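*Asks:* Dumping the structure here so I can ask a few things about it.
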Amino acid sequence: MDNGACSYRRFLDGDESAFDDIMNELFHSLMYFINRYVHDFHAAEDIAMDTFADLLVHRNRYNFKVTLKTYLFMMGRSRALDYLKRKRTISFVELNEAIAVESDEKTLEEIVITDERKRIVNGAITKLTEEMQIAIHMFYFENMTYAEIARVMKKNEKQVDNLLYRAKKELRAILDKDGELL
Amino acid sequence: MRNLNEYKEEIFRRGQNRITARRVAVKRVVSFCIPLCLTLVVCSAAVLPQLFNRNDIQESAENASPESTGGKYDAYYDCSNGNIPTIDDENRSEEVNDSLDESKDSPDESNDGYDCSAEVDYEASADTSEGENDECGPDDCGPEHTPEYVDPLPAPDDFAFSLVWNCYGVSSYDSATGVLVKTTDASNPEDYVTTLMLSPSEITTVYKLLNNLNANEYPDIYSPHPDNFMSDPPMTLILTVNIGETTKTISAKDIAYSFTTSDPDGQRFLTTCRQIIEILTSSEEWKELPEYEHLYA
């Protein structure tokens, strides 16, 4: 499993359908990952689309040294942090829109996290710090390696290891407290 | 939440917009940079040559040698090849008389009747006067040298003079033979005889002095002091000028031992003799001769 690198190579060779495969494979995961940062579904949607648009415009920036998934998550994280920097005011949303957003998030969660147990864990990790949430999400839900997680979060593998260890420890405590088993 | 096709369409639309925006930005940059570059090139082409020319002028001025000070002086003062301007006898006599008239009208005791106040432009002939040719050296005290003025008083080849001076054991010098006698009053007079060949510049100087004197105006037997003023011991001055076959001798025997007189003509004569004596006695050959045995030499 090359996480889209083979499909992207086909896309570079001129196969337009390969881009569809990439989107089917990675778009929702990216959007859900970005939502971990911005906590805004529409913003995450917009950032994800911008990220894929960058991939479309600057086709030669991806050098295949990392997986395409890692590359997209790196770009998505940077754009999400930029969004958070530019975000100055707290946006007030109408109640109707808030309900719609919540339903979209649930739909996205259902798309990304198919496993019921993972959904339970997903509910528990919201009580962790943001870094722990990101690390758990990439490791547990996206099945990324320590090296890939380190690359996305711009940390070394040892730091990722420590982060995941603490995150699991706290999750265990949370889940045990809630009476759930990991 | 939209489906993937909608997301794909939106992604492609955004990608196309970015590509278009980038092309527009590139065009704007090019449209601005090209005129700017052309302006810089034109300004450089206009300014840089002037800067280089200015630097070249400065370098050429720094490298200019004193020899290249101007050609108008070189023809007159290039004595290295013997190119000494000359005039014929008629012109020479006219100019010598003119110079004498000037000196008679305003005799200058400090200059002994000879106008040495005129400045000589030695800078124009500096390179030709150093070392190789003494005729144009700074010792020359004559009329101001201008490009239009030709020096009329170079010593002719057949010029010679002799002078006898002093009292008791007289001293003498004959430029024709070069015999210099310090005194005849000595136990061994031969020890006081040597040979002195004056340099061309010294010959010229003596020639100028004698021309200024105009010896022909003096009697053969002459006393420069009025009323035959005498002293003890007396002094003898016998000046002889030879130019070709022409010889003029001014004999002032047993005159007062003084180079100062109230008579202008006499003063000019005494000054001329004294200056010639100073040239002779300042030579190395004279200094190498032994000291006088007696008080009055």
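*Asks:* As a quick test, which of the pairs A:K169/B:K8; A:K65/A:K169; A:K69/A:K168; A:K127/B:K8 have an alpha carbon distance above 29 angstrom in this structure?
*Replies:* A:K169/B:K8; A:K65/A:K169; A:K127/B:K8
*Asks:* Another one. Taking just the alpha carbons, could you work out the radius of gyration and Dmax for the range B:210-289, both in angstroms?
*Replies:* Just the Cα atoms of the range B:210-289 yield Rg and Dmax of 13.3, 39 Å.
*Asks:* Could you work out the local net charge near B:I238, counting Lys and Arg as +1, Asp and Glu as -1, over the other residues with Cβ closer than 12 Å to its Cβ?
*Replies:* My count for the surroundings of B:I238 gives -1.
*Asks:* Let me ask something else. So which lysines pass the test for B:K208, namely a Cα distance under 30 Å, with those fewer than 8 places away in the same chain ruled out?
*Replies:* Cα-Cα hits under 30 Å: B:K72, B:K104, B:K182, B:K248, B:K253, B:K287.
*Asks:* Give the value in nm², to one decimal: projected area of the alpha carbon convex hull of the range B:7-59, averaged over all directions.
*Replies:* Dividing the Cα hull surface by four gives the mean projection, 4.7 nm².
*Asks:* Summing +1 for each Lys or Arg and -1 for each Asp or Glu, what net charge is found among the other residues whose Cβ lies under 13 Å from the Cβ of B:K248?
*Replies:* Within the 13 Å Cβ shell, the charges total -3.
*Asks:* Using only the Cα atoms of the range B:185-256, what are the Rg and Dmax in Å?
*Replies:* 15.3, 39
*Asks:* Under the rule a/c < 1.5 gives rounded, and otherwise a/b versus b/c splits prolate from oblate, where does the range A:9-67 land using the Cα gyration tensor?
*Replies:* Because a/c hits 1.5 or more and a/b exceeds b/c, the range A:9-67 counts as prolate.
*Asks:* For the range A:160-176, what does the Karplus curve 6.51 cos²θ - 1.76 cosθ + 1.60, with θ = phi - 60°, yield as ³J(HN,Hα) per residue in whole Hz, taken in order and with x for Gly and Pro?
*Replies:* Along the range A:160-176, the couplings run 4, 4, 5, 5, 5, 4, 5, 5, 5, 5, 6, 4, 4, 5, 5, 5, 5 Hz.
*Asks:* If you average 1/r over every pair of different alpha-carbon atoms in the range A:112-182 and take one over that average, what Kirkwood value in Å do you get?
*Replies:* It works out to 12.2 Å.
*Asks:* Based on a Kirkwood Rh over C-alpha pairs, give the Stokes-Einstein translational diffusion coefficient of the range B:161-297 at 25 °C and viscosity 0.890 mPa s in µm²/s.
*Replies:* 160
Where a number appears in this text, it was derived from the coordinates with a stated rule and is not lab data. Here the structure is a predicted model, which means the values were calculated and not measured. Here the Cβ is made from the backbone with ideal geometry for all residues, glycine too, and neighbour counts use every protein chain on show.
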